[in-house]
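Comments concern the structure below.
The values are calculated or read from the model by the stated rules, or taken from the named source; none is laboratory data. This is a predicted model, so every value here is computed, not measured. Glycine gets a Cβ as well: all are built from the backbone with ideal geometry, and neighbour counts include every protein chain shown.
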Amino acid sequence: MADLTKVVTVLNGFAPPSLAESWDNVGLLVEPSPPHEVSRMLLTNDLTEGVLAEAVHKKANFILSYHPPIFVPLKRLTQRSWKERIAVRCLENRIAVYSPHTAYDAVKGGVNDWLASGLDSSGDCTRINVRCSQHALVQAVDCVNQTLGDKAGTSLQVVKLEKPPLPGAGMGRLVTLDDPVTLSALLSRVKTHLGLNHVRLAMGEGRTMEGSTVRSVALCAGSGGSVLKGVKADVYLTGEMSHHNVLDAVAMGTSVILCEHSNTERGFLRVLQGQLTAMLDGKVEVVVSDVDKDPLEVV
């Protein structure tokens, strides 16, 4: 077992909350009265009532929920909404809740790096810190990408600029594949990595499944519309993107692969399980939810 304060310190050390977007709600969200010893931690992408029931059944006393179950401030704790019921039941069962969300998106070795690892690019990542407007950032990334375009196995990380970034951190990744592949081959890699039978595809203008090569992939786990907008790449890979952002990408010749929001995030939990077990010196049993899943299905 480990004290709750120690567990939170370890989690904050792995992915500092300062990496999260300013609008996000990260860190310790539900704290039982002390002392609180953590013996079993349940990892989930979304803390639903079903996942909470699983946590109670498995006697977990700490839940790491990638998405924050409390985002919009609660004005009351009643049985009226499912999020209120979750907060109440967590306290009743003395279960602490922690959410990293966009801090895990940004951190080196986090969700976006895991997503990029499925593209079979083994090259080193070139990291660039730029202080400028969003419009100027797009131009700067495009310029550097053209400069590095002939170097196999290089990639760029797209870093948001609201605050000075830590080296290697950023909300998106711009990956240059070691060897160009067809769009069809890239789709197969993505589906295998994410364990999906189906994804959604918008073909870029002038592109074909077998006749067009893919060398650069700009990616962002979850919802990537704002992060990827305007970045020049052969393919955008994300969970979801607005209709009009897709149209913009297609018009400039960029194909878009959409996998549904949480499908681009959930697989990282298996990697995180091993990382946290080591960081907590094996004192806390770390398990991944069997109930958690994307709410959308292809029917």
State yes or no: is Lys75 in contact with a strand residue (DSSP E or B) (Cβ under 7 Å, 6 or more places away or on another chain), outside any helix (DSSP H, G or I), without any contact (Cβ under 8 Å) to a residue 60 or more places away in the chain and exposed (fewer than 14 other Cβ atoms within 10 Å of the Cβ)? no
Take the residues in the stretch 286-299 that are surrounded by 16 or more Cβ atoms within 10 Å (Cβ to Cβ) and not β-branched (Val, Ile, Thr); name whichever of them is farthest from Val38 (Cα to Cα). Asp294
Is it true that Thr48 is surrounded by fewer than 18 Cβ atoms within 10 Å (Cβ to Cβ), polar (S, T, N, Q) and farther than 24 Å from Ala2 by Cα? no
Hits in the stretch 200-238 - residues which are farther than 21 Å from Pro100 by Cα and hydroxyl-bearing (Ser, Thr, Tyr): Thr208, Ser212, Thr213, Ser216, Tyr236
Gly267 vs. criteria touching a His at 6+ places or on another chain (Cβ under 9 Å) and at pLDDT 95 or above: yes
Which members of the stretch 239-272 meet the condition of being among the aliphatic types (A, V, I, L, M) and assigned by TED's automatic domain parsing to the domain that holds Met209? Met241, Val246, Leu247, Ala249, Val250, Ala251, Met252, Val256, Ile257, Leu258
Is it the case that Val256 is hydrophobic (A, V, I, L, M, F, W, C), crowded, with 19+ Cβ neighbours inside 10 Å, over 16 Å from Gly110 (Cα atoms) and in contact with a Phe, Trp or Tyr (Cβ under 8 Å, 6 or more places away or on another chain)? yes
Looking at the stretch 187-206, which of its residues are buried (at least 19 other Cβ atoms within 10 Å of the Cβ) and more than 21 Å from Asn263 (Cα to Cα)? Gly204
Verdict on Gly13 being under 19 Å from Val107 (Cβ atoms) and surrounded by fewer than 17 Cβ atoms within 10 Å (Cβ to Cβ): yes
Residues to consider are Met241, Met209; find the one that is in contact with a strand residue (DSSP E or B) (Cβ under 8 Å, 6 or more places away or on another chain) and surrounded by fewer than 16 Cβ atoms within 10 Å (Cβ to Cβ). Met209
So is Ala55 outside any loop (DSSP other than H, G, I, E, B) and modelled with pLDDT of 95 or more or not? yes
Only one of (1) modelled with pLDDT under 95; (2) among the polar types (S, T, N, Q); (3) in a helix (DSSP H, G or I) does not apply to Asn112, and that is (1)
Please list, ordered by first then second residue, the pairs with beta carbon atoms under 7 Å, 6 or more apart or interchain, first in the stretch 36-64 and within 18 Å of Trp82 (Cα to Cα), second assigned to a helix (DSSP H, G or I) and of a type in the set (A, V, I, L, M). Thr44/Val51; Asn45/Leu269; Leu47/Ile86; Glu49/Ile86; Leu52/Ile86; Ile63/Ala55
In the stretch 78-124, how many are surrounded by fewer than 18 Cβ atoms within 10 Å (Cβ to Cβ), among the hydrophobic types (A, V, I, L, M, F, W, C) and farther than 28 Å from Ser39 by Cα? 0
